[in-house]
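Engineer: Before I ask anything, here is the structure I am working with.
A short reminder: the numbers here are calculations on the coordinates, not readings from a lab. Note that the structure is a prediction, hence the values are computed from the model and not measured. Virtual Cβ from ideal backbone geometry, glycine too; neighbours counted across all protein chains shown.
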Amino acid sequence: MAQIWDPHTYGQNGAFVHGLAGGVLEWLDPQPGERILDLGCGDGQLTVRIAESRALVRGLDASPEMAVAARSRGIEVDEGSAETLPYAGATFDAVFSNAVLHWIRDQDAMLAGVHRILRPGGRFVAEMGGHGNIAAIRVALMAVAARHGFDGREDNVNYYPTPASYNRRLERHGFHVDRIALVPRPTRLAESGMAGWIRTFRHGVLETLPEAVRDTVVEEAVALLAPVLHDEEGNWTADYVRLRFIATV
């Protein structure tokens, strides 16, 4: 299923993604003059922050709309797939990615490409959804979809590996894993709450359902999640767990 990204909606409901990326940026530690690729740069919020280090940063995103939004911030951005990186070998000193890798279908093609475009000694620094990420949200969506006769719509939407399994995958592609860790991160959602999150981050899933049941699925999932993710002050907190790593070639 295709996940469509709208920069305006993403800015309203997903601003926490770049707002909570300080830790992985610290792990990247960009240096002046380094050539860095922001893989899945989205609307360019983090790409701009990397560029402030005076690194020579370039973005890549598969969404034409997001690429346009990033270019509006003065970033050089290419449109393309993470699975078929459009760059020559040994081009970059570092590849950076935040909240993107768990959307990539062919992990092995992506990792082979990243390894190919990194210079000797280069690093791949990324944060993605890890094992247990949004577990409650996924179970609620599975249950509601099944109730309406749409089993399996949440299956394989994302890839949330354990540190051990992703460590092995990186090593199979020739990386040396310097650091890898799960980072539990309960995340306060925007004012649009859980309904806004579902409509933004499960847009592709909703599009596979008959239009007549989409609102009902969202409403029922929100009701199921309220006892565990909605507090007495009216705030929604998503059960995020991130996987962060540094791997070198």
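Engineer: Check Glu52 against each of (1) touching a Gly at 6+ places or on another chain (Cβ under 9 Å); (2) over 29 Å from Arg168 (Cβ atoms) and name the one condition it does not meet.
Structural biologist: With respect to (1) touching a Gly at 6+ places or on another chain (Cβ under 9 Å); (2) over 29 Å from Arg168 (Cβ atoms), Glu52 is out only on (1).
Engineer: Scan (1) closer than 24 Å to Gly122 by Cβ; (2) surrounded by fewer than 16 Cβ atoms within 10 Å (Cβ to Cβ); (3) of a type outside the set (D, E, K, R) for the single condition His173 breaks and write down its number.
Structural biologist: So the condition that His173 fails would be (2).
Engineer: If you don't mind, there's one more thing I want to ask. Of Arg153, Arg169, which residue is under 30 Å from Pro30 (Cα atoms), of a type outside the set (S, T, N, Q) and over 16 Å from the mean Cα position of the chain (by Cα)?
Structural biologist: Working: Arg153 fails: under 30 Å from Pro30 (Cα atoms).
Just a single option satisfies the conditions, and that option is Arg169.
Engineer: Kindly provide the set of residues from the stretch 168-214 that are farther than 27 Å from Arg147 by Cβ, in contact (Cβ under 8 Å) with a residue 60 or more places away in the chain and in contact with a strand residue (DSSP E or B) (Cβ under 7 Å, 6 or more places away or on another chain), ordered by number.
Structural biologist: Result: Leu170, Phe175, His176, Val177, Asp178, Arg179, Ile180, Ala181, Leu182, Val183, Arg185, Arg188.
Engineer: How many residues are part of a strand (DSSP E or B) and more than 21 Å from the chain's Cα centre (by Cα) when one looks only at the stretch 119-143?
Structural biologist: First, pick out the residues of the stretch 119-143 that are part of a strand (DSSP E or B): 119-129.
Okay, now just the ones that are also more than 21 Å from the chain's Cα centre (by Cα), so 119-122.
Final tally of qualifying residues: 4.
Engineer: Need a quick list: strands (runs of 3 or more DSSP E) entirely within the stretch 22-108 having at least 1 residues that are free of Cβ contacts under 8 Å to residues at least 24 places away in the same chain, out of contact with any Cys (no Cβ under 6 Å at 6 or more places or on another chain) and farther than 18 Å from Leu243 by Cα. Please lay out each step first, then the result.
Structural biologist: On the way: elements: 35-39, 56-61, 77-79, 92-98.
Of the strands (runs of 3 or more DSSP E) lying wholly inside the stretch 22-108, those with at least 1 residues that are free of Cβ contacts under 8 Å to residues at least 24 places away in the same chain, out of contact with any Cys (no Cβ under 6 Å at 6 or more places or on another chain) and farther than 18 Å from Leu243 by Cα span 56-61, 77-79.
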